[in-house]
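Structure first, commentary second.
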Number of protein chains: 2
Amino acid sequence: MEAVNRSDIEKQINQKAREIEQIITKYLPKEEGYQKTVIEAMHYSVLAGGKRLRPMLMQETYRMCGGRGSVVEPFMAAMEMIHTYSLVHDDLPAMDNDEYRRGRKTTHIVYGEGMAVLAGDALLNYAFETAMKAFDSCKVDDIPLTERYMAVAQALSVLAKKAGIYGMIGGQTADIEAENSEAVNEEQLLFIHKHKTAALIEASMMVGAILAGASEETVKQMEKCAGNIGIAFQIQDDILDITGDTQTLGKAVGSDEKNHKQTYVTLRGMEQAAKEVEALSKEAVSILKNCTGDSTFLENLTEYLIDRNK
Amino acid sequence: MEAVNRSDIEKQINQKAREIEQIITKYLPKEEGYQKTVIEAMHYSVLAGGKRLRPMLMQETYRMCGGRGSVVEPFMAAMEMIHTYSLVHDDLPAMDNDEYRRGRKTTHIVYGEGMAVLAGDALLNYAFETAMKAFDSCKVDDIPLTERYMAVAQALSVLAKKAGIYGMIGGQTADIEAENSEAVNEEQLLFIHKHKTAALIEASMMVGAILAGASEETVKQMEKCAGNIGIAFQIQDDILDITGDTQTLGKAVGSDEKNHKQTYVTLRGMEQAAKEVEALSKEAVSILKNCTGDSTFLENLTEYLIDRNK
């Protein structure tokens, strides 16, 4: 692999993010009817910007595994809707009570708390409605293809599991409880990272592979790779909370210390944390290199995400 | 049809409700792991009692349409989880702010607001995880059956649509907005009833028919029948709010007038409302009578639900 300039990668990522945003927008419901307000709140929260990392990983894994066609698109939109609903509910006064996200007012500040609860519910529900649209592409010339039905059904199940109590919601539950407890041990912390942060990344890469018709073994490898990326990303976040500067990060640093929040860094020390990030990242890249398809972009993306200063 | 005693019907309904409760309980996740608290909150809210009307309508429609076997069971559990999550979120301080439901403390009073938001999310997500388990029964002796995959996929899509912005959530949105507005017209009110109350009842009967392999025409008839039941049930609720007595109903009457809430009765008058309930109910029963299978219980259930004094 040729060494690629970091700013070149960034340009590629931003270009892809814009393309993905068009796909997501296409799948959002029209802002009309008596339910117009909740749909406006859905648009407001989904179109708040961001790197579109999860759908990007899904699309690129799909391509790497030989996937062609548009069956992955409704799943990409669904993934971003699930990620967004989790932020809308996380920001609520009953949860993190955040008034701003990415420099914009959060959904409940603009639309009110009741409507924000509903908009989050609507996004989660509409994510499944959207992903189920992939069933429409399971017929060719009106002949139903059992294999495709099975692949879409499997992808749906993975999406649902990784978003739920055995995935992201499980991690959020453990996180809320950790905040209310005196001490957090390493096992708990890894559970939180693996579920709250890594689960949707795992689902993204697994769904991409499944829809491309990859083998069970490849799907497993993608789960492992994505798990490493997710945990490394999270530990790097904790490191930057100590070593980063506010201007580069665009957010306050030292918040973990201020909130007496236990992190991998406070538990194991900075040196060990940095080593762990490197090991996880290396393993992720090595899994990608072992794949049959062209993994160049996914490798670059992985390194870009983990080896960052913001 | 023989005339059946109202208390005999009630006994039958209660017996069936207990059987359905066992099915639902079987599909609830185990209360263990770091996510134990959110799962406890899920159990607490789902197992709060109730007539289990929606899964009952689903199971009976499935039977009437010739359905055998257990493919309907995960969908019955999923339906009750969706109904329950909507109550948990409705009861939140940001929504209706209710501290009691059926004589028990509401979920956010027991588990806190943050955990109640999460428990609602978890129930909605787990509903889809649960319904997707029906895909497991799409293979016979390991041979995948395309027709069954298609039926389960269609049932999932109906469930998702009727629960979302074009169903229940759409109705909740319109309801919140109606509460904040001076005047509500009849079109708006019918939209609210049809979506907030009737949509999940429609989904219940449609899913039952689809999973039994009923024709498209029968599925449409079930949607119409269920829509009538849902709207008649709601208008009857508004009538009882005026004519009922607190002791029989087990809740305060006159609350609509006190809250200056527009209802079908305030818009069209008591006589017209009563006529409407009777017409809707008659049409529902007549649709059931036209079905090929044995519709006796469903007819009795319909009349029981609508012709009530509590």
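Values quoted throughout were computed directly from the atomic coordinates according to the rules given, and no laboratory measurement underlies them. Computed from a prediction, not measured in an experiment: that's the story for all the values here. We place every Cβ from the backbone using ideal geometry, glycine too, and count neighbours over all the protein chains shown.
The table below lists the values:
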| read-out | value |
| --- | --- |
| Two-site label geometry, A:Ser286 and B:Lys11: point separation in nm, points 7 Å out along Cα→Cβ | 7.1 |
| DSSP-loop trypsin sites (Lys or Arg not before Pro) across region A:79-174, with at most 13 other Cβ within 10 angstrom | A:Arg102 |
| Loop GluC sites (Glu not before Pro), region A:76-152 (other Cβ atoms within 10 Å of the site Cβ: 15 or fewer; DSSP) | A:Glu99 |
| Using a 7 Å Cα-to-Cβ projection, A:Lys105 label spacings across copies, nm, ascending | 3.5 |
| Rounded, prolate or oblate (a/c below 1.5 giving rounded, otherwise prolate when a/b exceeds b/c) for chain A by Cα gyration tensor | oblate |
| For A:Tyr34, residues with placed amide H under 5 Å, excluding near neighbours | none |
| Sorted by Cβ density within 10 Å, fewest first, the residues A:Cys65, B:Cys225 | A:Cys65, B:Cys225 |
| Cα gyration tensor category, rounded, prolate or oblate, for the protein assembly as shown with a/c compared to 1.5 | prolate |
| Test item: A:35-42 mean partner chain Cβ contacts at 10 Å | 5 |
| Pseudo-label separations to other copies for B:Glu32 - Cα-to-Cβ vector, 7 Å, nm | 5.2 |
| A:Glu187 paired with A:Glu271, simple spin-label distance in nm, labels 7 Å along Cα-to-beta-carbon | 2.8 |
| Flagged links, alpha-carbon separation over 31 Å, of A:Lys194/B:Lys51; B:Lys16/B:Lys224; A:Lys36/B:Lys105; B:Lys105/B:Lys162; A:Lys51/A:Lys289; A:Lys36/A:Lys261 | A:Lys194/B:Lys51; A:Lys36/B:Lys105; A:Lys36/A:Lys261 |
| Two-site label geometry, B:Thr243 and A:Ala279: point separation in nm, points 7 Å out along Cα→Cβ | 7.4 |
| Per-copy distances of the B:Ser7 label point, shortest first, in nm (7 angstrom along Cα→Cβ) | 8.6 |
